[in-house]
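The values are calculated or read from the model by the stated rules, or taken from the named source; none is laboratory data. Since the structure is predicted, the reported quantities are computational estimates derived from the model, not experimental observations. Because the Cβ atoms are built from the backbone with ideal geometry, glycine has one as well, and the counts that use them run over all protein chains shown. Please note that ligands, DNA and RNA were not included when accessible areas were found on the heavy atoms of the full protein model with its side chains. Shrake-Rupley method; radii C 1.70, N 1.55, O 1.52, S 1.80 Å.
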Amino acid sequence: MFKNIFLIVILLANGLLTAQENPDENKVKMATALEDYFFLEREAIHLHLDKSTFLTNEKIWFQGYVINRKTKKAFFTTNIYVALYDETGNAITEKLVYAYNGTFSGVIDLDPKWHSGLYYIQVYTNWMNNFSEDESSIFKINIINPQEGIKNYNKIEKESLELTLHPEGGNFINGIKNTVGIRVKDCRNNAPENLEAIIQNTKGETLKTVRLNTAGYGKFEVNPDDDFESVTVTYENKTMTKSLTDKHGIGFGLEVNNFSMDGKTILKIKTNIATLALLKDKKTYVLIHQDGKYLINDLTLDKNVLEQTLALQNTDLFSGINTIRIIDSNMKEWANRNFYNAPKKESTVALIKNIRKADKIEFSGYYNTPNTNLSISVLPTDSKSTTENYSIVAGLGINPYLSEPLINANYYLLQPKRITNYELDLFLINQDKLKYSWENIKSTKPTPNFSFDIGLTLKGTISKNIKNKSDHTVKIVSFKDQIIKSTPVNDQGEYEFENLILADSTNLSMSTLKLPNFEAVDGKISFQLLNRRKPFYKPFKPSSVCKEPITTEPLANLDLPQFAGKAIELEEVKIEKKLTYQRVIGNGFLTGYKVDESLENIDLLSFIERNGFIVIRQYGEATIYSRINNTFNGQRPMPQIMIDGRVLINQFEFTTMRMSDFDEIYISSNALVPGMLNRFGIIRAYTKKNFKPIHVKADSNNIILTHRDEYYDNGAQKDWTKKLAKDREQSLAFLPDVTNKR
């Protein structure tokens, strides 16, 4: 008996091993193709702008978020490029910003000389050059020159209106009912309202009518074998007619419905007898994937069953955009489709208003995840300066997977319901093409030809007159950016610093030190800032340029109400010298000063005394104390002093500076500072952009590193815009092969 049981166990084990040793090799091929193609991490970047319409004398403030698409978590990307283009695709300006723990922020300065019009912000990394697809993010904004007025981009350009048809799944198959998407748009992606599409037969008779939504989308069902001829849409006196002439005798129809049943996605797969006969000796599969994550199911073909319905639980699918494909055993794709699976709702951020004082409101926020970041832009009710087109959900979970970004995403996502889910699916049906081609996926594998940059590289040589060069080291110091680093020098006198996080116009003190005693050695240090300029091989290009010029309306007619009676309209009120750092946490409770002409010539220590502190001058040095002594026998407390957000260990750096070195100072002699260092009172100072510390010895090795160093030649600035355009042109002309053929 025991022998029989032992034999059964051996047979079962052998059966399991055989099954494991002989998996479906077609599924392995598909899985391997996806894993290889999406093996390199891909980033998704979203910008939160303070608004979407700006005057030319304003600034564009932004907060950015970058995630790893595989994990949906904050990515360790550091170097991010933010470029601004006009509506014709000309590069206007570009800057490098640094991200930390998935977030970054910055500002784009506008120019009063710029013309009114649409502008585009493109955000990218050098790493994105490794992919054949454009993985950057594009954000459209409107800039208004008050002298020119505002351009009306919402006006329908009737002559450029276009009607397009998109069979669901990509093919128009004979013998089955095909779902066909309809889209009407002009050259600026505007669509007239209240459009109707008329489905006609060969006799010109109406088979059915379809009302298009406000975005110009709709769909209908039709069998090519029926007397179907064309689709016609009329707007005013313009009639557009489109036919589906590319009919296929074989193939699959693919229909997805994820808006009718809560928690489920219904797939309908349709085919005809001719297709079944062609594929009778082949296997077919339903592949659903997002990047390198996938689900592969067998598709059973039966000549008696020409239509199959599959019900999938949304919890088994991927959060965000899913791509469904029908693939046969020869790795041929027969149909494809994108659909959206809404992410599971997480607990929301709780915001509570704590204090309201004059024109300031303080909030507290609560969330169940540590290290949560929150960015808020506050605008007046019914403001015309924002259109709320961009959603972080779409920016990180939808647009990275589409060839055409979702417009007005908040309409679909803020309060999702059946009708908005249906309309979002209409948008996905009417995409011209999938962003990720199956032909590319199965035949190529991206390779890391472009670096994943972390900070900048500073390299150069020490003075030629120095002997035994390898016995020396180069030291760099930046008080503002809290950088103190050293690096060895080789026999040729070369040094190199890698992964430096250097803001634009950083003050850097460089010195050559002799080992082993680190004695300072005189001599000129040459330097070069590397990997600052990284051209992007897919710069922004407008999808289409309208021939008809945009009408311009005076700004005043749109923004100012009409006054009755004898009201006097005053000239524009300009508030100059606005406090820039007042929004910084903690500064709202301090008294802020803008260091203008009236304050620049005041002695810094005298200014500190006038604001409630005691300054003791002795032996050429000064010490700042609080006027309040909070101990009986201890030493009088000192204030907490910060320069550019950096807490000073001692006061020497601050007390040797001048008032003219600072842009703004925030101060309070009564502020309580928690901690064990007996601090009382706060002084927060922010230096001017080109500030240079006076206590650093003035020599040729004290430099200001600008992010545009390579566009300077012997101190003369070249035309940066022309140089940038030339770099872009050369980049496209010599674009390397970023993929390996399988």
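Summary of computed values
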{"item": "Tally of residues being surrounded by fewer than 19 Cβ atoms within 10 Å (Cβ to Cβ), within 28 Å of the chain's Cα centre (by Cα) and in a loop (DSSP other than H, G, I, E, B) across the range 444-479", "result": "8"}
{"item": "Residue in the range 187-199 that is surrounded by 13 or more Cβ atoms within 10 Å (Cβ to Cβ), modelled with pLDDT under 95 and among the charged types (D, E, K, R) present", "result": "yes"}
{"item": "Extreme residue, nearest to the chain's Cα centre (by Cα), among residues of the range 510-521 that are in contact (Cβ under 8 Å) with a residue 24 or more places away in the chain and surrounded by fewer than 19 Cβ atoms within 10 Å (Cβ to Cβ)", "result": "LEU513"}
{"item": "Failed item, numbered, when ASN129 is tested on (1) assigned to a strand (DSSP E or B); (2) open to solvent by less than 20 Å² (accessible area, probe 1.4 Å)", "result": "(1)"}
{"item": "Given (1) surrounded by 17 or more Cβ atoms within 10 Å (Cβ to Cβ); (2) farther than 21 Å from GLN290 by Cα; (3) of a type outside the set (Phe, Trp, Tyr), index of the condition ILE441 fails", "result": "(2)"}
{"item": "Answer from LYS140, LYS95, LYS113 - the residue that is closer than 20 Å to PRO405 by Cα and either open to solvent by 60 Å² or more (accessible area, probe 1.4 Å) or assigned to a strand (DSSP E or B) (or both)", "result": "LYS140"}
{"item": "Matching option when the condition is touching a residue at least 24 places away in the same chain (Cβ under 8 Å), open to solvent by 10 Å² or more (accessible area, probe 1.4 Å), among the charged types (D, E, K, R) and in contact with a Leu (Cβ under 7 Å, 6 or more places away or on another chain), among LYS72, LYS51", "result": "LYS51"}
{"item": "Hey, ILE667 closer than 26 Å to ARG583 by Cα and either over 45 Å from the mean Cα position of the chain (by Cα) or without any contact (Cβ under 8 Å) to a residue 60 or more places away in the chain (or both) or not", "result": "no"}
{"item": "Residue tally, condition surrounded by 18 or more Cβ atoms within 10 Å (Cβ to Cβ) and of a type in the set (Ser, Thr, Tyr), over the range 286-310", "result": "1"}
{"item": "Set VAL222, VAL184: member being aliphatic (A, V, I, L, M), open to solvent by 10 Å² or more (accessible area, probe 1.4 Å), over 30 Å from ALA83 (Cβ atoms) and in contact (Cβ under 8 Å) with a residue 24 or more places away in the chain", "result": "VAL222"}
{"item": "Every residue from the range 390-438 that is acidic (Asp, Glu) and open to solvent by less than 60 Å² (accessible area, probe 1.4 Å)", "result": "GLU404, GLU423, ASP425"}
{"item": "Residue that is farther than 30 Å from VAL521 by Cα, touching an Asp or Glu at 6+ places or on another chain (Cβ under 8 Å) and among the polar types (S, T, N, Q), where the choices are ASN368, ASN410, ASN399", "result": "ASN410"}
